[in-house]
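One structure is given below, encoded as structure tokens.
The values are calculated or read from the model by the stated rules, or taken from the named source; none is laboratory data. Quick caveat, the model's predicted, so the values are computed rather than measured. Cβ atoms come from the backbone with ideal geometry, glycine included; neighbour counts cover every protein chain shown.
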């Protein structure tokens with residue numbers, strides 16, 4: 001998944017992320033069942049605060065475009081996964 005951020009004149013960072021993911025879903029670049037990168041990994045890749053990615057994912061979840069699953073990793077630590085609906 002390729003996301004490119006513009007300067008803030010294009011809107012807040014979380015909104016740019018949300019719009020681009022929506023576009024990827026609409027254009028079938030992301031299909032139902034595809035997993036999104038973790039908020040931490042996407043934030044690191046984009047060099048933004050993890051909260052920006054979490055807010056974008058939260059809004060996508062509330063729009064019904066992605067679903068959030070909470071599970072455990074092999075060490076028993078909580079793991080959150082976001083997948084396209």
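Restrict the check to segment 29-36 and report whether at least one residue is without any contact (Cβ under 8 Å) to a residue 24 or more places away in the chain and either out of contact with any helix residue (DSSP H, G or I) (no Cβ under 6 Å at 6 or more places or on another chain) or loosely packed, with under 13 Cβ neighbours inside 10 Å (or both). No - not one qualifying residue is present in segment 29-36. Quick check on my filter: what residues within segment 1-15 are in contact (Cβ under 8 Å) with a residue 12 or more places away in the chain and either in a helix (DSSP H, G or I) or within 12 Å of residue 84 (Cα to Cα) (or both)? Of everything in segment 1-15, those that are in contact (Cβ under 8 Å) with a residue 12 or more places away in the chain and either in a helix (DSSP H, G or I) or within 12 Å of residue 84 (Cα to Cα) (or both) turn out to be 13, 14, 15.
Scanning segment 24-51 for residues that are under 20 Å from residue 85 (Cα atoms) and more than 12 Å from the chain's Cα centre (by Cα) yields a total of 7. Taking the criterion of being modelled with pLDDT under 95 and either surrounded by 13 or more Cβ atoms within 10 Å (Cβ to Cβ) or in contact with a helix residue (DSSP H, G or I) (Cβ under 6 Å, 6 or more places away or on another chain) (or both), the only residue of segment 39-79 that qualifies is 79. Just a yes or no: is a residue in segment 48-70 assigned to a loop (DSSP other than H, G, I, E, B) and closer than 16 Å to residue 5 by Cα? Yes, because at least one residue in segment 48-70 is assigned to a loop (DSSP other than H, G, I, E, B) and closer than 16 Å to residue 5 by Cα. Criterion first (surrounded by 18 or more Cβ atoms within 10 Å (Cβ to Cβ), modelled with pLDDT of 95 or more, in contact with a strand residue (DSSP E or B) (Cβ under 7 Å, 6 or more places away or on another chain) and within 15 Å of residue 16 (Cα to Cα)) does residue 82 satisfy it? When the stated conditions are applied, residue 82 does not pass them.
The single condition among (1) touching a strand residue (DSSP E or B) at 6+ places or on another chain (Cβ under 8 Å); (2) touching a residue at least 40 places away in the same chain (Cβ under 8 Å) that residue 67 does not satisfy is (2).
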